[in-house]
Protein chains: 2
Amino acid sequence: MTATPKILAFDIFGTVVDWHGSIAREVDAMQLGVGGSEFALAWRAGYKPAMQRVRSGELGWTGIDELHRMILDEVLAKFGVAHLDEAHKRHLNRVWHRLDPWPDSVEGVTRLKTRHVVCTLSNGNIGLLTDMAKRAGLPWDCILSAEVFRAYKPDPQTYLGVAATFDVAPHEVMLVAAHHDDLAGARACGLLTAYIERPLEFGAAQPKDVSSRPQNTLHCASLVALAARLGC
Amino acid sequence: MTATPKILAFDIFGTVVDWHGSIAREVDAMQLGVGGSEFALAWRAGYKPAMQRVRSGELGWTGIDELHRMILDEVLAKFGVAHLDEAHKRHLNRVWHRLDPWPDSVEGVTRLKTRHVVCTLSNGNIGLLTDMAKRAGLPWDCILSAEVFRAYKPDPQTYLGVAATFDVAPHEVMLVAAHHDDLAGARACGLLTAYIERPLEFGAAQPKDVSSRPQNTLHCASLVALAARLGC
């Protein structure tokens, strides 16, 4: 028997949108003389350490736009382009608001919305997620974020926060993500989990192992496949 | 010259949805032997005093679903129907999740969404606003609530919180509401304001004075009229 969640909470970066390809394309188009793919990977590599500084209390609550900018300044220096002017730096930092969805994402979320509440559960800030959804046409019922719970995933407050927001039990919520650590955090809180294969998350040069793990409730090749699996 | 806000933040109860008519219809249909209109008015009358108990610190942070239930228990007793069973009380309390939009609301918000970010700014909790939007077909870009800011309107943290969420100046946000006190709170924080006439908010027996006040940026008969006024 398939579990039937009321609420589907989606991880965003890598699961619903292609951060690597979107950033690589935009950086390449800027003709800075740096490789877009390498730049994107370096920027993303600073993400978890930056959030950890917040989680450990070293930094007070800091939103992702600001963390992205701190990392961007380091990456620009590392790549020898720290002389980029401030207006371009600000524009580039907001590339995270302009990430393109994977080809199946809009159809998948739209179909899943017909029978479930579909919401984000991302470490991205609310404004970022709203801009992204509006540009991409992602029809969320609700935008939930680490910013709402003032805690970053995998803090239990985020996963349990989704259940509390909708006044349902944890097992009535399914986290949809392309990352096993995120799904493990959700599972530890009693949520259902759906793993989505995103083999190109880090680019074609670094294909990701997307093999199935039995701990997850569902394992799907795409969000359209998840919709079909849940009868939407 | 018309001010052109980037963000439109909407009050919900009375402005976008018809709480009086929706609750009166549902209570009348329950055949409890109480007048639905009077019941709705009594329930709503407890709203501001209940929030004030939170704002004053007498109560810790308490969501609207819970405040509605506290008031409901008092109102049921007052109307002599406190014997209603728990399942019916729980169902009735969630009528606030099932409020019908005014006839112009879905078209108005849909048109306004084409050129602006449209979000809620309601004292209602996130789950309530999400359920309501999904049922009514209100296509919000983002659901913001007192729950996000842990403060009830007219606390400045709510109005300024919208601007901070989207990283814009207060004058780039317009509050859309049918209540002058809410609009005054927003104006004091530097937001633009649009008053929407809802003469039947309290029912046909108690028509509301909806005359224009010069302090507001705009005064419109409906959300469709607001869309036309903003060129959407």
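The values are calculated or read from the model by the stated rules, or taken from the named source; none is laboratory data. This is a predicted model, so every value here is computed, not measured. Don't worry about glycine lacking a Cβ; one is built from the backbone with ideal geometry, like all the others, and counts go over all protein chains shown.
Consider A:T217 carefully, then state whether it is in contact with a strand residue (DSSP E or B) (Cβ under 8 Å, 6 or more places away or on another chain), of a type in the set (S, T, Y) and under 18 Å from A:K153 (Cα atoms).
Details: in contact with a strand residue (DSSP E or B) (Cβ under 8 Å, 6 or more places away or on another chain): yes; of a type in the set (S, T, Y): yes; under 18 Å from A:K153 (Cα atoms): no.
When the stated conditions are applied, A:T217 does not pass them.
When residues of the range A:22-51 are filtered for being in contact (Cβ under 8 Å) with a residue 60 or more places away in the chain and β-branched (V, I, T), how many remain?
The number of residues fulfilling the criteria is 2.
How many residues does the range A:71-99 contain that are surrounded by fewer than 16 Cβ atoms within 10 Å (Cβ to Cβ) and either within 20 Å of A:A151 (Cα to Cα) or not assigned by TED's automatic domain parsing to the domain that holds A:V34 (or both)?
So the answer is 0.
Return the only residue of A:A77, A:A136 being touching a residue at least 24 places away in the same chain (Cβ under 8 Å), among the small types (G, A, S) and closer than 19 Å to A:E26 by Cα. Reasoning before the result, please.
Numbers: A:A77 fails: touching a residue at least 24 places away in the same chain (Cβ under 8 Å).
None of the others qualify; the one that does is A:A136.
Filter the range B:161-193 for residues that are among the β-branched types (V, I, T) and in a strand (DSSP E or B); which is nearest to the chain's Cα centre (by Cα)? Give the steps one after another, and end with the answer.
Residues of the range B:161-193 that are among the β-branched types (V, I, T), as a first pass: B:162, B:165, B:168, B:173, B:176, B:193.
Now restrict to residues that are in a strand (DSSP E or B): B:173, B:176, B:193.
Values: B:V173: 17, B:V176: 10, B:T193: 15 Å.
Looking at residues that are among the β-branched types (V, I, T) and in a strand (DSSP E or B), I get B:V176.
Determine whether B:V81 is out of contact with any Lys or Arg (no Cβ under 8 Å at 6 or more places or on another chain) and assigned to a helix (DSSP H, G or I).
Numbers: out of contact with any Lys or Arg (no Cβ under 8 Å at 6 or more places or on another chain): yes; assigned to a helix (DSSP H, G or I): no.
When the stated conditions are applied, B:V81 does not pass them.
What is the one condition in (1) in contact with a Phe, Trp or Tyr (Cβ under 7 Å, 6 or more places away or on another chain); (2) closer than 24 Å to B:D11 by Cα; (3) at pLDDT 95 or above that B:V75 does not satisfy?
(2)
Can you name every one of the helices (runs of 4 or more DSSP H) wholly within the range B:95-160 that holds 2 or more residues which are in contact with a strand residue (DSSP E or B) (Cβ under 6 Å, 6 or more places away or on another chain) and more than 13 Å from chain A (Cβ to nearest Cβ)? Break it down into steps so the answer makes sense when it comes.
Numbers: elements: B:105-113, B:126-136, B:146-149.
It comes to none.
Within the range A:78-91, is even one residue among the basic types (K, R) and within 13 Å of another protein chain (Cβ to nearest Cβ)?
Residues of the range A:78-91 that are among the basic types (K, R), as a first pass: A:78, A:89-90.
In the following step, the residues that additionally are within 13 Å of another protein chain (Cβ to nearest Cβ) were identified as A:90.
Yes; the residues of the range A:78-91 include at least one that is among the basic types (K, R) and within 13 Å of another protein chain (Cβ to nearest Cβ).
Has the range B:55-62 got at least one residue that is within 27 Å of B:L191 (Cα to Cα), surrounded by 19 or more Cβ atoms within 10 Å (Cβ to Cβ) and either at pLDDT below 95 or within 14 Å of chain A (Cβ to nearest Cβ) (or both)? Reasoning before the result, please.
Of the residues in the range B:55-62, the ones within 27 Å of B:L191 (Cα to Cα) are B:55-57, B:61-62.
Checking which are surrounded by 19 or more Cβ atoms within 10 Å (Cβ to Cβ) leaves us with none.
Looking for residues that are within 27 Å of B:L191 (Cα to Cα), surrounded by 19 or more Cβ atoms within 10 Å (Cβ to Cβ) and either at pLDDT below 95 or within 14 Å of chain A (Cβ to nearest Cβ) (or both), one finds none in the range B:55-62, hence no.
Identify the residue in the range A:194-216 that is of a type in the set (D, E) and surrounded by 16 or more Cβ atoms within 10 Å (Cβ to Cβ) and, among all such residues, is farthest from the chain's Cα centre (by Cα).
Residues of the range A:194-216 that are of a type in the set (D, E), as a first pass: A:197, A:201, A:209.
If we keep only those that are surrounded by 16 or more Cβ atoms within 10 Å (Cβ to Cβ) too, we end up with A:197, A:201.
On the way: A:E197: 14, A:E201: 11 Å.
Looking at residues that are of a type in the set (D, E) and surrounded by 16 or more Cβ atoms within 10 Å (Cβ to Cβ), I get A:E197.
For A:S222, all conditions in the list (1) buried (at least 16 other Cβ atoms within 10 Å of the Cβ); (2) under 20 Å from A:K48 (Cβ atoms); (3) of a type in the set (G, A, S) hold save one; what is the number of the exception?
For A:S222, the exception is condition (2).
One line per residue, one yes/no per condition, for (1) acidic (D, E); (2) not in a loop (DSSP other than H, G, I, E, B):
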position	(1), (2)
A:S22	no, yes
A:E26	yes, yes
A:G57	no, no
A:L72	no, yes
